[in-house]
1. Counting just the residues of region 10-25 that are open to solvent by less than 10 Å² (accessible area, probe 1.4 Å) and not β-branched (Val, Ile, Thr), which one comes out nearest to Ser190 (Cα to Cα)?
2. Tell me which residues, restricted to region 1-23, are part of a loop (DSSP other than H, G, I, E, B) and not hydroxyl-bearing (Ser, Thr, Tyr).
3. Kindly list the number of the only condition in (1) crowded, with 21+ Cβ neighbours inside 10 Å; (2) without any contact (Cβ under 8 Å) to a residue 24 or more places away in the chain that fails for Gly34.
4. Do we find that Ala31 is of a type outside the set (Asp, Glu) and touching a helix residue (DSSP H, G or I) at 6+ places or on another chain (Cβ under 6 Å) in this structure?
5. Take region 178-223 and flag every residue that is among the hydroxyl-bearing types (Ser, Thr, Tyr), touching a residue at least 24 places away in the same chain (Cβ under 8 Å) and closer than 24 Å to Ser145 by Cβ.
6. Just the residues that are within 12 Å of the chain's Cα centre (by Cα) and open to solvent by less than 10 Å² (accessible area, probe 1.4 Å), please, taken from region 167-177.
7. So, in region 178-223, how many residues would count as being surrounded by fewer than 19 Cβ atoms within 10 Å (Cβ to Cβ) and among the β-branched types (Val, Ile, Thr)?
8. So in region 97-140, with the set limited to residues that are touching a residue at least 24 places away in the same chain (Cβ under 8 Å) and among the hydroxyl-bearing types (Ser, Thr, Tyr), which one is nearest to Leu156 (Cα to Cα)?
Amino acid sequence: MSDLRLVIFDVDGTLIDSQAEIVAAMTLAFAGEGIAMPDRNAVLSIVGLSLDEAFMRLCPDADAAGRGRLVAGYKDAFAGLRTQDKELGPLFPGARAALEVLQAQDHTLLAVATGKSRRGLDKALERHGLTGVFHSEQVSDHHPSKPNPSMILTALNETGVSPQAAVMLGDTTFDMDMGRAAGVRTIGVSWGYHPADDLRPDILIHDFAALPDAVDQLTGSSS
């Protein structure tokens with residue numbers, strides 16, 4: 001197992017451009033509670049967190065019951081949007097090709113660490129034909145919210161890969177902080193929902209075509 005390496009992907013804002021469906025679901029959730037939704041930048045700033053943590057940040061003055069209703073309203077709205085015949089969350093350009101390059105390498109394993117629920121991740125992977133691509137899938141149902149390192153540590157344990165041979169790819173400071181807390185190297189993407197200048201990753205990439213080389217640089221291993 002010592003020759004294996006692990007590439008851990010965030011989903012929303014990294015692999016999938018989910019902002020349209022996230023903002024739409026948030027709009028419906030807040031409307032259901034009859035309260036004003038924070039602006040778009042504030043909503044996108046919490047992408048990647050678990051829903052409980054996200055609404056604590058967006059609505060610090062709301063009580064637990066109110067936040068619970070917002071969480072439920074968001075989940076219902078998100079599920080409802082997914083039943084419509086429209087593509088609100090496309091893969092970012094180059095994502096599929098980069099996954100295929102890494103997947104073809106015998107010594108490279110792929111994982112997901114996402115703030116999505118199990119149901120949400122399953123739907124997203126199915127929609128994009130990515131079911132079965134990842135060797136470890138960590139979701140918010142079973143872990144503390146990012147940046148707690150629990151998801152990465154579990155992925156490392158499940159795959160038998162050491163932290164030194166793993167990288168975390170993400171678009172938010174939550175992803176980068178989670179990676180550092182778990183002792184893995186970090187790759188930031190400039191196309192996501194947090195300003196690239198805030199990420200402070202080991203390597204920042206501006207295109208998915210740069211990902212395989214970045215992984216090689218950080219793990220000291222190539223195909």
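The values are calculated or read from the model by the stated rules, or taken from the named source; none is laboratory data. All values reported here derive from a predicted model rather than from experimental measurement. Here Cβ is always computed from backbone atoms with ideal geometry, including for glycine, and neighbour counts include all displayed protein chains. Remember, those area values only see protein heavy atoms, side chains included, never the ligands or the DNA or RNA. Shrake-Rupley method; radii C 1.70, N 1.55, O 1.52, S 1.80 Å.
1. So the residue we want is Gly13.
2. Step one: filter region 1-23 for residues part of a loop (DSSP other than H, G, I, E, B), giving 1-4, 10-11, 13-15, 17-18.
If the condition is that a residue be part of a loop (DSSP other than H, G, I, E, B) and not hydroxyl-bearing (Ser, Thr, Tyr), then Met1, Asp3, Leu4, Asp10, Val11, Gly13, Leu15, Asp17 are the ones that fit.
3. All conditions are met except number (1).
4. Details: of a type outside the set (Asp, Glu): yes; touching a helix residue (DSSP H, G or I) at 6+ places or on another chain (Cβ under 6 Å): no.
No: the conditions fail for Ala31.
5. Quick first cut of region 178-223, residues among the hydroxyl-bearing types (Ser, Thr, Tyr) only: 186, 190, 193, 219, 221-223.
Applying the additional criterion that residues be touching a residue at least 24 places away in the same chain (Cβ under 8 Å) yields 193, 219, 221, 223.
Of everything in region 178-223, just one residue is among the hydroxyl-bearing types (Ser, Thr, Tyr), touching a residue at least 24 places away in the same chain (Cβ under 8 Å) and closer than 24 Å to Ser145 by Cβ, namely Tyr193.
6. Step one: of region 167-177, the residues within 12 Å of the chain's Cα centre (by Cα) are 168-176.
If the condition is that a residue be within 12 Å of the chain's Cα centre (by Cα) and open to solvent by less than 10 Å² (accessible area, probe 1.4 Å), then Met168, Leu169, Gly170, Asp171, Thr172, Asp175, Met176 are the ones that fit.
7. First pass over region 178-223, keeping only residues surrounded by fewer than 19 Cβ atoms within 10 Å (Cβ to Cβ): 180-181, 183, 190-191, 195-198, 200, 202-204, 206-207, 209-210, 212-213, 216-217, 220-223.
Next cut, among the β-branched types (Val, Ile, Thr) only: 203.
Final tally of qualifying residues: 1.
8. By that ranking, first place goes to Ser136.
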